Each structure stands twice: as C-alpha cells, then as structure tokens.
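As structure tokens, the structure follows; a few thoughts come after it.
The values are calculated or read from the model by the stated rules, or taken from the named source; none is laboratory data. In this text, all values refer to a predicted model and were calculated from it rather than measured experimentally. Neighbour counts are summed over all protein chains in view; Cβ atoms, including those assigned to glycine, are modelled from backbone coordinates with ideal geometry.
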Amino acid sequence: MNKKQLQLVSHEQAVRLKKLGFNLTCTHKYDVLRNIMDSVEHHGEYVLNSQLDDDTRLFLASEHADPTIDTFENNEVIAAPTVALALKWIRDEKGIENSVTFYDVTNRQYTGRYQPPKIIKIGNRVLEPRKTYHSGDYTNYEAAESALLDELLKILEKENAL
C-alpha cells in the first residue's frame, strides 16, 4: 500500500459490504467473479485471474465510462471503498459508533473501538448499547482499522440474519 493513500477494503470485505447495502460511489472496483478476463498480462506473463492478489484485481472506475457502473464486460463489479469510508458508512447508515485509537505509547498499540446503538445478540454473546467494545490490539493503524471493519461486518451480518 502506498503510504500516501488510504487502505482499500479487501475483495472479501467489499463483497460483505455490498450484501449489507453499501452503495456509495467509489473510485476503485473489484470484479465480483474475479474474472475481468480469463487471463491478464502481469509482469510480462499471462496468468489466470484466480492466481492474482486483490491489488491486481482492482481497477479504477474512472478508467471506464462511468464510475457508478455495476457491470463491466458482462461481469458484476463491486465498489472497493477505503476502509475509512466503509467505517464511516457503518457509523452513518448502521448507527454503530466506531474509531481506531492509539493507546500504548511504549508498545505502539492501536485498537478498534465500537458502541452498538441497541442490544445485539450474536450467539451467546450480547452487545449492550453505549458500552464500548474492542476489536483487538495491533501494532499499526491499518491492521487495527481492518480488524475493526471485520468485527463490525460480522456483527451486522449476524444482525441481518435474525
């Protein structure tokens, strides 16, 4: 990741966000089938898309006619927002306050924090409103941010399944 750019969600996170209703226009997209073409040239060799990492499957929406497109060459594509935008969407649209916090200067530790707006039951676990929960401890901001997004996606998916 370029240090001057915000981290994009992974392909898996993008799919999960779309299922939860994420529909903001983004500058990057993933091919849902990971199959923009049967094979692509990558570092001078042709390889199958299934052998490519998420970064190689990304494409800029602006490289194509319309950044709001949902299909490209007969394949469904999906928005690839930044993790920060996805977390903002969860705050704004799903009502779960969340943030990443730096808390240990000595060990350079970050954690994701969130507060559900209502009681949420996930199996045997009950999340209470206005209580702060943590998504784990990480040595860098980006890892804490991505883990927070994964935790919130899991909560929202369980809530939608009820």
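Here are the numbers for the structure shown:
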| item | result |
| --- | --- |
| Residue that is surrounded by the most Cβ atoms within 10 Å (Cβ to Cβ), among those in segment 116-162 that are of a type in the set (Phe, Trp, Tyr) and free of Cβ contacts under 8 Å to residues at least 40 places away in the same chain | TYR138 |
| Odd one out for GLU76 among (1) at pLDDT below 90; (2) among the acidic types (Asp, Glu); (3) more than 20 Å from LEU20 (Cβ to Cβ) | (3) |
| Test: ALA161 is under 23 Å from LYS19 (Cα atoms) and modelled with pLDDT of 85 or more | no |
| Residue in segment 147-154 that is under 20 Å from VAL15 (Cα atoms), touching a Lys or Arg at 6+ places or on another chain (Cβ under 7 Å) and not assigned by TED's automatic domain parsing to the domain that holds LYS29 present | yes |
